[in-house]
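Asks: Sending over a structure as C-alpha coordinates; questions will come in a sec.
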Ligand code: PGA
(Lines give C-alpha, C1' and ligand atoms only; values in the text may rest on other atoms or scores of the structure.)
Protein backbone atom coordinates (compact mmCIF):
# COMPACT_ATOMS: atom_id res chain seq x y z
CA UNK A 1 0.00 0.00 0.00
CA UNK A 2 1.33 3.42 -0.95
CA UNK A 3 0.80 5.99 1.79
CA UNK A 4 -0.89 9.04 0.35
CA UNK A 5 1.05 12.29 0.27
CA UNK A 6 -0.71 15.64 0.32
CA UNK A 7 1.76 18.44 -0.38
CA UNK A 8 1.28 22.19 -0.38
CA UNK A 9 3.17 24.18 -3.00
CA UNK A 10 3.00 27.70 -1.63
CA UNK A 11 4.69 29.19 -4.71
CA UNK A 12 5.72 32.85 -4.23
CA UNK A 13 3.07 33.62 -1.63
CA UNK A 14 2.96 34.62 2.01
CA UNK A 15 4.82 36.68 4.59
CA UNK A 16 6.47 35.71 7.88
CA UNK A 17 3.23 36.60 9.59
CA UNK A 18 0.83 34.75 7.30
CA UNK A 19 3.12 31.71 7.17
CA UNK A 20 3.31 31.54 10.97
CA UNK A 21 -0.50 31.44 11.07
CA UNK A 22 -0.73 28.90 8.28
CA UNK A 23 1.79 26.61 10.00
CA UNK A 24 -0.06 26.90 13.28
CA UNK A 25 -3.29 25.85 11.59
CA UNK A 26 -1.61 22.88 9.91
CA UNK A 27 0.05 21.80 13.17
CA UNK A 28 -3.27 21.89 14.99
CA UNK A 29 -5.02 19.62 12.53
CA UNK A 30 -2.22 17.33 11.39
CA UNK A 31 -2.81 14.57 13.96
CA UNK A 32 -6.35 14.08 12.66
CA UNK A 33 -5.10 13.12 9.22
CA UNK A 34 -2.14 11.02 10.37
CA UNK A 35 -2.91 8.29 7.83
CA UNK A 36 -1.84 10.72 5.12
CA UNK A 37 1.67 12.15 4.88
CA UNK A 38 1.71 15.94 4.79
CA UNK A 39 4.41 18.18 3.32
CA UNK A 40 4.77 21.89 2.61
CA UNK A 41 6.94 23.72 0.08
CA UNK A 42 7.55 27.31 1.22
CA UNK A 43 9.65 29.95 -0.54
CA UNK A 44 13.35 29.48 0.38
CA UNK A 45 13.56 32.44 2.75
CA UNK A 46 10.94 30.98 5.10
CA UNK A 47 12.66 27.61 5.49
CA UNK A 48 14.08 28.47 8.92
CA UNK A 49 10.66 29.48 10.14
CA UNK A 50 9.09 26.33 8.74
CA UNK A 51 11.73 24.08 10.28
CA UNK A 52 11.32 25.77 13.64
CA UNK A 53 7.53 25.45 13.61
CA UNK A 54 7.30 21.93 12.23
CA UNK A 55 10.23 20.16 13.87
CA UNK A 56 7.91 18.42 16.35
CA UNK A 57 4.93 18.10 13.98
CA UNK A 58 4.08 15.18 11.66
CA UNK A 59 4.61 17.35 8.59
CA UNK A 60 7.56 17.23 6.17
CA UNK A 61 8.89 20.17 4.20
CA UNK A 62 11.01 21.01 1.22
CA UNK A 63 11.57 23.70 -1.37
CA UNK A 64 10.13 24.46 -4.79
CA UNK A 65 13.46 24.29 -6.61
CA UNK A 66 17.19 23.66 -6.17
CA UNK A 67 20.34 24.17 -8.20
CA UNK A 68 21.75 21.35 -10.26
CA UNK A 69 25.20 22.60 -9.16
CA UNK A 70 26.96 21.69 -5.93
CA UNK A 71 28.34 25.14 -5.01
CA UNK A 72 30.20 28.08 -6.50
CA UNK A 73 29.65 31.20 -8.58
CA UNK A 74 25.94 30.76 -9.39
CA UNK A 75 24.37 34.02 -8.25
CA UNK A 76 20.82 33.65 -7.03
CA UNK A 77 20.86 29.85 -6.89
CA UNK A 78 20.39 27.57 -3.87
CA UNK A 79 22.29 24.29 -3.53
CA UNK A 80 20.83 21.02 -2.29
CA UNK A 81 23.35 20.88 0.57
CA UNK A 82 21.83 24.14 1.86
CA UNK A 83 18.41 22.49 1.91
CA UNK A 84 19.89 19.74 4.05
CA UNK A 85 20.95 22.36 6.61
CA UNK A 86 17.22 22.95 7.06
CA UNK A 87 16.40 19.23 7.05
CA UNK A 88 14.31 19.29 3.89
CA UNK A 89 12.94 15.84 3.09
CA UNK A 90 11.65 16.74 -0.37
CA UNK A 91 12.22 19.16 -3.22
CA UNK A 92 10.05 19.94 -6.25
CA UNK A 93 11.78 19.65 -9.61
CA UNK A 94 10.42 20.58 -13.00
CA UNK A 95 7.29 22.38 -11.90
CA UNK A 96 5.54 23.64 -15.02
CA UNK A 97 6.06 27.25 -13.91
CA UNK A 98 9.82 26.57 -13.82
CA UNK A 99 9.65 24.91 -17.22
CA UNK A 100 7.53 27.54 -18.95
CA UNK A 101 8.51 30.79 -17.17
CA UNK A 102 12.18 30.04 -16.49
CA UNK A 103 13.05 27.85 -19.44
CA UNK A 104 13.94 24.70 -17.54
CA UNK A 105 14.49 21.90 -20.03
CA UNK A 106 13.92 18.16 -19.53
CA UNK A 107 17.69 17.77 -19.27
CA UNK A 108 18.10 20.44 -16.59
CA UNK A 109 15.19 19.00 -14.62
CA UNK A 110 16.83 15.57 -14.77
CA UNK A 111 20.08 17.04 -13.44
CA UNK A 112 18.22 18.73 -10.58
CA UNK A 113 16.51 15.43 -9.80
CA UNK A 114 19.94 13.76 -9.67
CA UNK A 115 21.42 16.52 -7.49
CA UNK A 116 18.65 16.05 -4.93
CA UNK A 117 18.93 12.27 -4.84
CA UNK A 118 22.67 12.41 -4.37
CA UNK A 119 22.05 14.22 -1.09
CA UNK A 120 19.23 11.95 0.04
CA UNK A 121 16.54 14.56 -0.62
CA UNK A 122 13.49 13.02 -2.29
CA UNK A 123 12.67 14.76 -5.55
CA UNK A 124 9.07 15.35 -6.55
CA UNK A 125 9.23 15.28 -10.34
CA UNK A 126 6.48 17.42 -11.86
CA UNK A 127 5.20 16.48 -15.32
CA UNK A 128 2.29 17.52 -17.47
CA UNK A 129 1.01 18.70 -20.80
CA UNK A 130 -0.23 22.12 -21.87
CA UNK A 131 -3.76 22.67 -23.17
CA UNK A 132 -2.39 22.84 -26.71
CA UNK A 133 -0.65 19.52 -26.29
CA UNK A 134 -3.78 17.88 -24.86
CA UNK A 135 -5.85 19.16 -27.78
CA UNK A 136 -3.28 17.84 -30.23
CA UNK A 137 -3.58 14.43 -28.56
CA UNK A 138 0.08 14.29 -27.49
CA UNK A 139 -0.41 14.16 -23.71
CA UNK A 140 1.16 10.71 -23.39
CA UNK A 141 4.07 11.57 -25.66
CA UNK A 142 4.86 14.71 -23.65
CA UNK A 143 4.66 13.00 -20.27
CA UNK A 144 6.72 10.04 -21.53
CA UNK A 145 9.41 12.41 -22.84
CA UNK A 146 9.60 14.32 -19.55
CA UNK A 147 9.84 11.05 -17.61
CA UNK A 148 12.38 9.50 -19.96
CA UNK A 149 14.86 12.34 -19.44
CA UNK A 150 15.06 11.37 -15.76
CA UNK A 151 14.98 7.61 -16.37
CA UNK A 152 17.86 7.93 -18.84
CA UNK A 153 20.01 9.81 -16.35
CA UNK A 154 19.08 8.14 -13.08
CA UNK A 155 17.55 4.77 -13.96
CA UNK A 156 14.35 3.16 -12.74
CA UNK A 157 15.78 2.42 -9.26
CA UNK A 158 15.66 6.15 -8.53
CA UNK A 159 11.87 6.02 -8.47
CA UNK A 160 11.59 3.70 -5.48
CA UNK A 161 11.52 6.66 -3.14
CA UNK A 162 10.99 9.53 -5.53
CA UNK A 163 7.58 11.04 -6.13
CA UNK A 164 5.98 12.03 -9.43
CA UNK A 165 3.39 14.79 -9.65
CA UNK A 166 1.21 14.78 -12.75
CA UNK A 167 0.03 18.34 -13.23
CA UNK A 168 -1.78 19.15 -16.46
CA UNK A 169 -0.68 22.74 -17.10
CA UNK A 170 -4.21 23.72 -18.20
CA UNK A 171 -5.52 22.80 -14.74
CA UNK A 172 -2.97 24.74 -12.69
CA UNK A 173 -4.39 27.84 -11.04
CA UNK A 174 -7.23 27.92 -13.54
CA UNK A 175 -10.01 26.41 -11.44
CA UNK A 176 -10.30 23.83 -14.19
CA UNK A 177 -9.54 20.39 -12.73
CA UNK A 178 -8.90 17.26 -14.74
CA UNK A 179 -11.74 14.83 -14.11
CA UNK A 180 -10.80 11.97 -11.83
CA UNK A 181 -10.90 9.64 -14.84
CA UNK A 182 -8.74 11.95 -17.01
CA UNK A 183 -6.15 12.08 -14.23
CA UNK A 184 -6.32 8.35 -13.55
CA UNK A 185 -5.76 7.62 -17.25
CA UNK A 186 -2.51 9.60 -17.29
CA UNK A 187 -1.41 8.17 -13.93
CA UNK A 188 -1.98 4.66 -15.30
CA UNK A 189 0.08 5.56 -18.33
CA UNK A 190 2.93 6.93 -16.17
CA UNK A 191 2.90 3.86 -13.96
CA UNK A 192 2.92 1.60 -17.02
CA UNK A 193 6.16 3.28 -18.16
CA UNK A 194 7.70 2.34 -14.82
CA UNK A 195 6.17 -1.16 -14.74
CA UNK A 196 7.81 -1.92 -18.07
CA UNK A 197 11.20 -1.30 -16.45
CA UNK A 198 10.68 -2.65 -12.93
CA UNK A 199 7.27 -3.68 -11.57
CA UNK A 200 8.45 -3.72 -7.95
CA UNK A 201 9.68 -0.13 -8.14
CA UNK A 202 6.57 0.92 -10.05
CA UNK A 203 4.38 -0.45 -7.27
CA UNK A 204 6.14 1.82 -4.78
CA UNK A 205 6.28 5.10 -6.73
CA UNK A 206 3.78 7.63 -5.51
CA UNK A 207 2.11 9.60 -8.29
CA UNK A 208 0.37 12.76 -7.10
CA UNK A 209 -2.19 14.78 -9.02
CA UNK A 210 -1.94 18.57 -9.12
CA UNK A 211 -4.07 21.26 -10.71
CA UNK A 212 -6.91 23.13 -8.96
CA UNK A 213 -7.31 20.38 -6.38
CA UNK A 214 -9.46 21.41 -3.45
CA UNK A 215 -11.55 19.87 -0.69
CA UNK A 216 -14.58 19.69 -2.98
CA UNK A 217 -12.90 17.50 -5.62
CA UNK A 218 -10.20 15.75 -3.56
CA UNK A 219 -12.35 12.81 -2.47
CA UNK A 220 -13.05 11.71 -6.02
CA UNK A 221 -9.49 12.22 -7.24
CA UNK A 222 -7.90 10.50 -4.26
CA UNK A 223 -10.19 7.48 -4.59
CA UNK A 224 -8.65 6.56 -7.95
CA UNK A 225 -6.34 3.55 -7.89
CA UNK A 226 -3.23 5.31 -9.18
CA UNK A 227 -3.65 8.72 -7.57
CA UNK A 228 -1.46 8.61 -4.48
CA UNK A 229 -1.97 12.13 -3.22
CA UNK A 230 -2.02 15.71 -4.36
CA UNK A 231 0.25 18.65 -5.03
CA UNK A 232 -1.86 21.58 -3.99
CA UNK A 233 -1.18 25.19 -4.94
CA UNK A 234 -3.80 27.83 -4.13
CA UNK A 235 -5.83 25.70 -1.75
CA UNK A 236 -2.76 24.92 0.37
CA UNK A 237 -2.55 28.53 1.55
CA UNK A 238 -5.58 27.94 3.78
CA UNK A 239 -4.87 25.48 6.61
CA UNK A 240 -8.50 24.31 6.88
CA UNK A 241 -8.82 23.67 3.16
CA UNK A 242 -5.42 21.95 2.99
CA UNK A 243 -6.31 19.65 5.89
CA UNK A 244 -9.74 18.96 4.40
CA UNK A 245 -8.02 17.76 1.22
CA UNK A 246 -5.82 15.47 3.30
CA UNK A 247 -8.87 14.21 5.18
CA UNK A 248 -10.43 13.22 1.88
CA UNK A 249 -7.46 10.91 1.38
CA UNK A 250 -7.68 9.17 4.77
P1 LIG B 1 -3.08 24.92 -8.10
O2 LIG B 1 -1.51 24.67 -8.32
O3 LIG B 1 -3.53 23.94 -7.05
O4 LIG B 1 -3.18 26.34 -7.62
O5 LIG B 1 -3.74 24.70 -9.41
C6 LIG B 1 -0.96 23.37 -8.30
C7 LIG B 1 0.53 23.45 -8.56
O8 LIG B 1 0.94 24.25 -9.41
O9 LIG B 1 1.33 22.71 -7.95
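The values are calculated or read from the model by the stated rules, or taken from the named source; none is laboratory data. From a predicted model like this one, the values you see are computed outputs, not experimental measurements. Cβ placement follows ideal geometry from the backbone for every residue including glycine, while neighbour counts extend to all protein chains displayed.
Asks: With the requirement that a residue be away from the ligand (no atom under 14 Å from the Cβ) and farther than 19 Å from residue 33 by Cα, what does the range 225-250 give you?
Replies: Those that are away from the ligand (no atom under 14 Å from the Cβ) and farther than 19 Å from residue 33 by Cα: 225, 226.
Asks: Here's another thing I want to ask about it. Going by the conditions given, is residue 151 more than 16 Å from residue 44 (Cα to Cα), surrounded by 15 or more Cβ atoms within 10 Å (Cβ to Cβ), at pLDDT 95 or above and away from the ligand (no atom under 16 Å from the Cβ)? Please lay out each step first, then the result.
Replies: On the way: more than 16 Å from residue 44 (Cα to Cα): yes; surrounded by 15 or more Cβ atoms within 10 Å (Cβ to Cβ): yes; at pLDDT 95 or above: yes; away from the ligand (no atom under 16 Å from the Cβ): yes.
Judged against the criteria, residue 151 is a match.
Asks: Identify all residues within the range 211-221 that are within 18 Å of residue 35 (Cα to Cα) and either within 14 Å of the ligand (Cβ to nearest atom) or touching a strand residue (DSSP E or B) at 6+ places or on another chain (Cβ under 6 Å) (or both); write none if there are none. So that I can check it myself, show each step before the final result.
Replies: In the first step, residues of the range 211-221 are kept if they are within 18 Å of residue 35 (Cα to Cα); the result is 215, 218-221.
Of everything in the range 211-221, those that are within 18 Å of residue 35 (Cα to Cα) and either within 14 Å of the ligand (Cβ to nearest atom) or touching a strand residue (DSSP E or B) at 6+ places or on another chain (Cβ under 6 Å) (or both) turn out to be 215, 218, 221.
Asks: Moving on to the next point. For residue 137, indicate whether it is assigned to a loop (DSSP other than H, G, I, E, B) and more than 29 Å from residue 115 (Cβ to Cβ). Before you say what the answer is, go through the steps one by one.
Replies: Values: assigned to a loop (DSSP other than H, G, I, E, B): yes; more than 29 Å from residue 115 (Cβ to Cβ): yes.
Against the criterion (assigned to a loop (DSSP other than H, G, I, E, B) and more than 29 Å from residue 115 (Cβ to Cβ)), residue 137 qualifies.
Asks: Now a separate question. Taking only pairs six or more apart or across chains, which ones have beta-carbon atoms under 7 Å, a first residue in the range 223-239 that is over 27 Å from residue 15 (Cα atoms) and touching a residue at least 12 places away in the same chain (Cβ under 8 Å), and a second residue that is within 14 Å of the ligand (Cβ to nearest atom) and assigned to a helix (DSSP H, G or I)?
Replies: Short answer, once both residue conditions are applied: 224/183; 227/183; 227/221.
Asks: Cβ-Cβ under 8 Å, sequence separation 6+ or interchain: first residue in the range 17-46 and in contact (Cβ under 8 Å) with a residue 40 or more places away in the chain, partner assigned to a helix (DSSP H, G or I) and loosely packed, with under 14 Cβ neighbours inside 10 Å. Which pairs?
Replies: Sorted first by the residue in the range 17-46, then by its partner, the pairs are 25/240; 29/240.
Asks: Still on this structure, please answer the following. Among (1) in a helix (DSSP H, G or I); (2) touching a strand residue (DSSP E or B) at 6+ places or on another chain (Cβ under 7 Å), which single condition is residue 165 missing?
Replies: Answer for residue 165: the failing condition is (1).
Asks: Just need a number here: residues in the range 179-210 that are within 16 Å of the ligand (Cβ to nearest atom) and either touching a residue at least 40 places away in the same chain (Cβ under 8 Å) or assigned to a helix (DSSP H, G or I) (or both). First the steps, then the outcome.
Replies: To start, the set of residues in the range 179-210 that are within 16 Å of the ligand (Cβ to nearest atom) comprises 179-180, 182-183, 186-187, 206-210.
This time we only want the ones that are either touching a residue at least 40 places away in the same chain (Cβ under 8 Å) or assigned to a helix (DSSP H, G or I) (or both), so: 180, 182-183, 186-187, 206-210.
Selection size over the range 179-210: 10.
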